[in-house]
């Protein structure tokens, strides 16, 4: 069983409607949002702090660009009063944001992370969190990604891309787990 400290913070990465645009292609983990909502509800009930990482793209044609209809949060992931929103412009939630200073100022040494895209913004954020010394836990079943070609042009499924990203992170940067493994620790603290 994974222990979640009383001062742990939850980071939700880029859970915006832009990720549902058909141009992304075929994804894995069709139930990721349900698992993420269960984790978020339990987290809120435990009284721990929530950080919503919001991608504010500077690319003119991006669906993540502020002012675009799909820039909005996915239903069920809207910030509640008192929860922190961290806007970002790059793949890492730590680059040119106040996330690190907010976490350190409030004594959040442990992070639980989920969101999208596993091999992009999630992986970049988790790598940097690990490098900055945070005890980082990734709820992999509340994350998803999309199929893509590898460097050699070989098509890879979303499941393969997701699994490779998790392999990149496990151990050195984070502990990889599931929402099912995290929920008992939160229910006990409620």
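The values are calculated or read from the model by the stated rules, or taken from the named source; none is laboratory data. Note that the structure is predicted; figures quoted are calculated from it, not measured. As a convention, Cβ positions derive from the backbone with ideal geometry for all residues, glycine included, and neighbour counts pool all protein chains shown.
Yes or no: residue 6 over 16 Å from the mean Cα position of the chain (by Cα), surrounded by fewer than 21 Cβ atoms within 10 Å (Cβ to Cβ) and free of Cβ contacts under 8 Å to residues at least 12 places away in the same chain?
no
Just a yes or no: is a residue in segment 85-93 modelled with pLDDT of 95 or more, more than 24 Å from residue 165 (Cα to Cα) and in contact with a strand residue (DSSP E or B) (Cβ under 8 Å, 6 or more places away or on another chain)?
yes
For segment 62-76, check the following and say yes or no: at least one residue is surrounded by fewer than 18 Cβ atoms within 10 Å (Cβ to Cβ), touching a helix residue (DSSP H, G or I) at 6+ places or on another chain (Cβ under 7 Å) and under 14 Å from residue 142 (Cβ atoms).
Looking through segment 62-76, at least one residue is surrounded by fewer than 18 Cβ atoms within 10 Å (Cβ to Cβ), touching a helix residue (DSSP H, G or I) at 6+ places or on another chain (Cβ under 7 Å) and under 14 Å from residue 142 (Cβ atoms).
Among the candidates 66, 87, single out the residue that is more than 13 Å from the chain's Cα centre (by Cα) and part of a strand (DSSP E or B).
So the residue among 66, 87 that is more than 13 Å from the chain's Cα centre (by Cα) and part of a strand (DSSP E or B) is 87.
What are the pairs, 6+ residues apart or on separate chains, where a residue within segment 72-85 that is more than 18 Å from residue 57 (Cα to Cα) has its Cβ under 8 Å from a residue that is part of a loop (DSSP other than H, G, I, E, B)?
77/15
Which one of these is under 13 Å from the mean Cα position of the chain (by Cα), closer than 19 Å to residue 136 by Cα and either modelled with pLDDT under 95 or part of a helix (DSSP H, G or I) (or both): 12, 39? Walk me through it before giving the result.
Numbers: 12 fails: either modelled with pLDDT under 95 or part of a helix (DSSP H, G or I) (or both).
Only one candidate passes the filter, namely 39.
On the given criteria, is residue 124 surrounded by 14 or more Cβ atoms within 10 Å (Cβ to Cβ) and either part of a helix (DSSP H, G or I) or modelled with pLDDT of 95 or more (or both)?
Here the answer is yes, as residue 124 does meet what is asked.
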